[in-house]
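The values are calculated or read from the model by the stated rules, or taken from the named source; none is laboratory data. Just so we're clear, the structure is a prediction, and the values are computed from it rather than from any experiment. Every residue, glycine as well, gets a Cβ built from its backbone with ideal geometry; the counts of neighbours run over all protein chains shown.
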Amino acid sequence: MRWGLLFLCLLIASMGCATAFPNVERKLDSCQQAVADKQQRIEDQQSAIKQKEQEIADQKETISTLNSRISKLEHRLKISYSEQDRYDERIQRVTSSVRDFIKKQIQEDRTFLTDVALEDFIGNPLIAREQMDDSANMIFDVAHPVPGQGQINGIGGYFKGSGKIYIKLLRPVGEGYIVTHNTPLEVAADEPGKRLLDFDKPILVNEGDIVALFFPDAAVVASYDKGIGIDSYLSMRKDKYPNGTRLEADDIVNSGQPKRKYSLNYYGIFFKK
């Protein structure tokens, strides 16, 4: 009886263990599969990281190569700039020398050009006169309008001292004028005397245009005689007539003041009808 009871207990226990083992095996298999999946994902991520690292390494190598090429190009460009600067300096020196030579030849041959009428001189003789202006002024040479279409190459005057003057061209428009040109010129004179000043570029003119001169400083003014000539001048320290300004006829003629004849003229080539 006792042995039979013991055998029955062992039989029941063995049946319980047999029932539990399949569950344990299934859980174990599930855990192993999860571990395998995670391992695979880790390997995939490591492979992707290695691929990115390789791409970064390739990009760094490309950047290094480009930096090297840029350095070489900058070095060559610097050399080219230096060579170009020297070339430009040489061209400027040659151009300046040629321009100075031509101007000198023109000045030296001015008497010859006048005698054979290659250039027309329009205005008054350039001689010493009784008076010199003592203030800045503006002179409109209405007595000597441009005689025909052509070009003005320069102006002449009997000037006192050194300084800057402005040559203006007034073109008739309706009842007034428009300032169409404004050229600064330097007068270099240690003492009063006759000067002929050539423009760097000729001024193209039409028949009837008026030449005006603005003297902003009393250090350089023109010689004149009183009682004859024009009354179209005015005292003016600041330029009121820049390029593009319109003037009425009344702005030019001042009939209430004494007339003056200035030692001023202009020269060029004009096609007269």
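Pick from Val220, Val205, Val173, Val253: which is in contact (Cβ under 8 Å) with a residue 60 or more places away in the chain and surrounded by fewer than 13 Cβ atoms within 10 Å (Cβ to Cβ)?
Val173
Would you be able to say whether some residue in the range 161-168 is within 24 Å of Arg237 (Cα to Cα) and without any contact (Cβ under 8 Å) to a residue 40 or more places away in the chain?
no
Quick one: would you say Ala143 is closer than 23 Å to Phe271 by Cα, assigned to a loop (DSSP other than H, G, I, E, B) and hydrophobic (A, V, I, L, M, F, W, C)?
Considered against the rule, which asks whether it is closer than 23 Å to Phe271 by Cα, assigned to a loop (DSSP other than H, G, I, E, B) and hydrophobic (A, V, I, L, M, F, W, C), Ala143 comes out as yes.
Tell me the residue from Glu191, Glu186 that is outside any strand (DSSP E or B) and either closer than 28 Å to Phe101 by Cβ or in contact (Cβ under 8 Å) with a residue 12 or more places away in the chain (or both), please.
Of Glu191, Glu186, the one residue that is outside any strand (DSSP E or B) and either closer than 28 Å to Phe101 by Cβ or in contact (Cβ under 8 Å) with a residue 12 or more places away in the chain (or both) is Glu191.
How many residues are assigned to a loop (DSSP other than H, G, I, E, B) and under 19 Å from Lys160 (Cβ atoms) when one looks only at the range 214-273?
Number satisfying all stated conditions: 8.
Can you tell me which residue within the range 191-202, out of those that are closer than 15 Å to Gln151 by Cα and hydrophobic (A, V, I, L, M, F, W, C), is surrounded by the fewest Cβ atoms within 10 Å (Cβ to Cβ)?
Phe199
Mind telling me which of the residues Gly244, Gly268, Gly161 ends up being small (Gly, Ala, Ser) and surrounded by fewer than 14 Cβ atoms within 10 Å (Cβ to Cβ)?
Only one candidate passes the filter, namely Gly244.
Just checking, does the range 225-232 include any residue being touching a helix residue (DSSP H, G or I) at 6+ places or on another chain (Cβ under 9 Å), under 19 Å from Asn124 (Cα atoms) and modelled with pLDDT of 90 or more?
Yes - at least one qualifying residue is present in the range 225-232.
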